[in-house]
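Encoded as structure tokens, the structure appears first; notes follow it.
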Amino acid sequence: MAQLTWLGHSAFQIQTMSYTLLIDPFISGNPSATVTAEQLHPTHILVSHGHGDHLGDTIAIAKKNNALVIAPNELAVYCGKKGCRFHAMHLGGAHEFPFGKVKLTIAHHGSGLEKGDEFLYLGNPCGFLLWIEGKVLYHAGDTALFLDMQLIGEMNAIDIALLPIGDNFTMGPDDAVKAAEFLKPKLVIPMHYNTFDVIKQNPNAFALKVKNCTVEILEVGKSREF
């Protein structure tokens with residue numbers, strides 16, 4: 001049994017008996033966050049892409065806790081150059097970790113970090129398939145709807161899909177409904193919405209449109225077991 005906690009935006013914590021994982025820990029500067037970066041003590045951090053609202057506090061948290069950063073190659077190497085332990089991966093690749101297996105999926109988005117007047121290119125964005133405690137979780141990262149979600153759903157019996165619904169930068173509610181249809185998860189949890197005005201959405205309206213699976217709307221800071 002493990003516990004999934006929404007930390008706001010696209011940030012999640014997964015707690016097992018022996019390991020603590022963070023995904024896209026954007027905490028500092030996140031107006032919806034209910035914890036501070038100093039309160040988080042992960043063993044592993046998964047980062048989907050290099051935008052500041054996803055890379056977030058990764059480097060500071062990883063260095064403080066000696067956590068292993070798992071990310072697409074260019075982003076992982078960047079974290080390594082900043083003093084983090086890292087494991088570099090790339091799209092389509094999978095690897096067994098002590099807590100379970102991770103596979104990187106495609107995500108249609110960007111990946112760059114704003115550095116003064118310029119952007120530092122940090123490779124491809126990704127989503128994550130996670131096999132943990134006998135369950136399969138899919139964190140889509142920041143992405144548009146794409147047809148290969150059908151393949152992800154056909155090839156993997158997904159228990160929980162974490163899908164962005166915010167629009168403007170990612171899928172909106174209607175596209176996320178189609179994503180749920182493609183992926184065929186048992187449960188969908190919406191994410192990446194209402195952090196800022198430009199991604200303001202009504203998750204309850206989204207939930208009413210999803211017909212093929214259950215939708216659970218987590219409040220920020222709340223958890224569910226899986």
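Output the residue which, of all residues in the range 136-171 that are outside any loop (DSSP other than H, G, I, E, B) and in contact (Cβ under 8 Å) with a residue 60 or more places away in the chain, is surrounded by the most Cβ atoms within 10 Å (Cβ to Cβ). So that I can check it myself, show each step before the final result.
First pass over the range 136-171, keeping only residues outside any loop (DSSP other than H, G, I, E, B): 136-139, 149-155, 160-164.
Still in the running and in contact (Cβ under 8 Å) with a residue 60 or more places away in the chain: 137, 139, 160, 162, 164.
Numbers: L137: 26, H139: 25, I160: 21, L162: 26, P164: 28.
The selected residue is P164.
Suppose the filter is over 27 Å from T36 (Cβ atoms) and not β-branched (V, I, T); does F169 pass it?
The answer is no for F169.
Would you mention how many residues in the range 179-210 are assigned to a loop (DSSP other than H, G, I, E, B) and not β-branched (V, I, T)?
At the first step, the residues of the range 179-210 found to be assigned to a loop (DSSP other than H, G, I, E, B) are 184-186, 192-196, 200-202, 210.
Right, trim to not β-branched (V, I, T) and you get 184-186, 192-194, 196, 200-202.
The qualifying residues number 10.
All but one of (1) farther than 26 Å from A37 by Cβ; (2) surrounded by 16 or more Cβ atoms within 10 Å (Cβ to Cβ); (3) among the polar types (S, T, N, Q) hold for N204; which doesn't?
Checking N204 against (1) farther than 26 Å from A37 by Cβ; (2) surrounded by 16 or more Cβ atoms within 10 Å (Cβ to Cβ); (3) among the polar types (S, T, N, Q), the one that fails is (2).
Of K186, K209, which residue is in contact (Cβ under 8 Å) with a residue 24 or more places away in the chain and in contact with a Cys (Cβ under 9 Å, 6 or more places away or on another chain)? If you could, list the steps in order and put the result at the bottom.
Numbers: K209 fails: in contact with a Cys (Cβ under 9 Å, 6 or more places away or on another chain).
Answer to the selection: K186.
Please specify each residue of the range 16-42 satisfying the condition of being in contact with a Phe, Trp or Tyr (Cβ under 9 Å, 6 or more places away or on another chain) and either of a type in the set (D, E, K, R) or at positive phi (or both).
D24
Taking L122, is it over 15 Å from the mean Cα position of the chain (by Cα) and buried (at least 21 other Cβ atoms within 10 Å of the Cβ)? Explain how you work it out, then say what you get.
Working: over 15 Å from the mean Cα position of the chain (by Cα): yes; buried (at least 21 other Cβ atoms within 10 Å of the Cβ): yes.
Yes, satisfied.
Are there helices (runs of 4 or more DSSP H) fully within the range 1-117 with at least 1 residues that are of a type outside the set (G, A, S) and more than 14 Å from G141 (Cβ to Cβ)? List them.
Details: elements: 52-55, 58-65, 73-81.
Filter on the range 1-117 gives 58-65, 73-81.
Output the residues belonging to the range 145-175 that are among the small types (G, A, S) and either more than 15 Å from the chain's Cα centre (by Cα) or over 13 Å from T105 (Cβ atoms) (or both).
First, pick out the residues of the range 145-175 that are among the small types (G, A, S): 153, 157, 161, 166, 172.
Result: G153, A157, G166, G172.
Could you tell me which of the residues Q39, Q3, Q15 is under 17 Å from I70 (Cβ atoms) and surrounded by fewer than 21 Cβ atoms within 10 Å (Cβ to Cβ)?
Details: Q39 fails: under 17 Å from I70 (Cβ atoms); Q3 fails: under 17 Å from I70 (Cβ atoms).
Residue meeting the stated conditions: Q15.
If you go through the range 114-130 one residue at a time, how many are among the hydrophobic types (A, V, I, L, M, F, W, C), more than 25 Å from T20 (Cβ to Cβ) and touching a residue at least 60 places away in the same chain (Cβ under 8 Å)? Before the answer, list the steps.
Kept after step one, since they are among the hydrophobic types (A, V, I, L, M, F, W, C), are these residues of the range 114-130: 119-120, 122, 126, 128-130.
Then drop every residue that is not more than 25 Å from T20 (Cβ to Cβ), which leaves 119-120.
This time we only want the ones that are touching a residue at least 60 places away in the same chain (Cβ under 8 Å), so: 120.
Of the residues in the range 114-130, 1 are among the hydrophobic types (A, V, I, L, M, F, W, C), more than 25 Å from T20 (Cβ to Cβ) and touching a residue at least 60 places away in the same chain (Cβ under 8 Å).
Given the structure, is L55 among the aliphatic types (A, V, I, L, M), surrounded by fewer than 21 Cβ atoms within 10 Å (Cβ to Cβ) and within 20 Å of I106 (Cβ to Cβ)? Let's see the steps before the verdict.
Details: among the aliphatic types (A, V, I, L, M): yes; surrounded by fewer than 21 Cβ atoms within 10 Å (Cβ to Cβ): no; within 20 Å of I106 (Cβ to Cβ): yes.
Spelling it out, it is not the case that L55 is among the aliphatic types (A, V, I, L, M), surrounded by fewer than 21 Cβ atoms within 10 Å (Cβ to Cβ) and within 20 Å of I106 (Cβ to Cβ).
Pairs please, first residue from the range 5-30 and within 14 Å of G52 (Cβ to Cβ) and at pLDDT 95 or above, second anywhere and among the aromatic types (F, W, Y) and outside any strand (DSSP E or B), Cβ atoms under 6 Å, 6+ apart in sequence or on different chains.
If the second residue must be among the aromatic types (F, W, Y) and outside any strand (DSSP E or B), the pairs left are H9/F26; A11/F26.
Within the group A94, A88, A60, which residue is loosely packed, with under 15 Cβ neighbours inside 10 Å, free of Cβ contacts under 8 Å to residues at least 40 places away in the same chain and among the hydrophobic types (A, V, I, L, M, F, W, C)? Steps first, please.
Values: A88 fails: loosely packed, with under 15 Cβ neighbours inside 10 Å; A60 fails: loosely packed, with under 15 Cβ neighbours inside 10 Å.
Just one listed residue meets the conditions, A94.
Could you tell me whether H51 is closer than 23 Å to E216 by Cβ and not aromatic (F, W, Y)? Talk me through it step by step, then tell me what you get.
Details: closer than 23 Å to E216 by Cβ: no; not aromatic (F, W, Y): yes.
Considered against the rule, which asks whether it is closer than 23 Å to E216 by Cβ and not aromatic (F, W, Y), H51 comes out as no.
So A176 clears everything in (1) part of a helix (DSSP H, G or I); (2) in contact (Cβ under 8 Å) with a residue 12 or more places away in the chain; (3) surrounded by fewer than 17 Cβ atoms within 10 Å (Cβ to Cβ) except one condition, right? Which one?
The single condition A176 does not satisfy is (3).
The values are calculated or read from the model by the stated rules, or taken from the named source; none is laboratory data. In this text the structure is predicted, and so the values were computed from the model without any measurement. Cβ: placed from backbone, ideal geometry, glycine included. Neighbour counts: every protein chain shown.
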